[in-house]
Amino acid sequence: MNTTPHPNPSHASGSGREVTRHRFPVGAVLADRLDDAAVADAAVRLATARGVPLLLIAVLPPSPSGHTASRPDSAAARAVLGRALPRLARAGIAHHPAAFHRPTGRARGRLHAAKALLDSAAAHGCSRLVVSRSGPAELDAHTVMEAAALRGTPFVHAAPPVPWVPLAAPHASR
């Protein structure tokens, strides 16, 4: 019987068999929308329950031809991620930024942007992805789920949209 500890700390033994604990991050797709708060909250709950870090994917407009893609620590990416950062600070969860530039044009079909997003998430090792139900166009939860079903991974969670609350009219003092 081999009693030397396993070199990978993510492996633990229990009840006579080796159990593998996956450390894949949970991805949160943030697109500088009001729904980013709900996406961040759902992603924090999933990541906390699994004890894994969070990958914050900033959805950015297509990069102009001839220009290099924005880095995850660029001002544009930080602006998109800014709405979620206070929630992560309160939760005390580790996170890593990533930038995703939407593909240019619609010539490749309706699922092209969603498949490109899934490829980006897979490149960062995400096994779960949290996406807003309401958008943005071609990157809403329904479209990303359909692309994930065709691709086979990752598992996509749909975050509910933020409920609309009408503005209250100020009452005149008497």
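The values are calculated or read from the model by the stated rules, or taken from the named source; none is laboratory data. The structure displayed is predicted, hence computed values, not measured ones. Here the Cβ positions follow ideal geometry from the backbone for every residue, glycine too, while neighbour counts run over all protein chains shown. Keep in mind that these areas ignore ligands, DNA and RNA; they rest on the heavy atoms of the full protein, side chains included. Shrake-Rupley method; radii C 1.70, N 1.55, O 1.52, S 1.80 Å.
Taking the range 88-100 as the range and being outside any loop (DSSP other than H, G, I, E, B) and open to solvent by less than 40 Å² (accessible area, probe 1.4 Å) as the test, the residues that pass are 88, 98, 99, 100.
Scanning the range 32-45 for residues that are within 23 Å of residue 153 (Cβ to Cβ) and in contact with a Lys or Arg (Cβ under 8 Å, 6 or more places away or on another chain) turns up at least one hit. Take the conditions (1) open to solvent by less than 60 Å² (accessible area, probe 1.4 Å); (2) without any contact (Cβ under 8 Å) to a residue 60 or more places away in the chain; residue 108 misses just one of them, which is (1).
Please verify whether residue 161 is free of Cβ contacts under 8 Å to residues at least 40 places away in the same chain, assigned to a loop (DSSP other than H, G, I, E, B) and out of contact with any Pro (no Cβ under 8 Å at 6 or more places or on another chain), treating the condition exactly as stated. No. For the range 101-133, the tally of residues that are in a strand (DSSP E or B) and polar (S, T, N, Q) stands at 1.
Which one of 55, 34 is modelled with pLDDT of 80 or more and in contact with a Gly (Cβ under 8 Å, 6 or more places away or on another chain)?
55
On the stretch given as the range 21-55, residues that are open to solvent by less than 10 Å² (accessible area, probe 1.4 Å) and part of a helix (DSSP H, G or I) total 5. Across the range 115-147, the number of residues qualifying as open to solvent by 10 Å² or more (accessible area, probe 1.4 Å) and not polar (S, T, N, Q) comes to 17.
A count restricted to the range 112-134 and to residues that are at pLDDT below 90 and in contact with a Ser or Thr (Cβ under 9 Å, 6 or more places away or on another chain) stands at 1.
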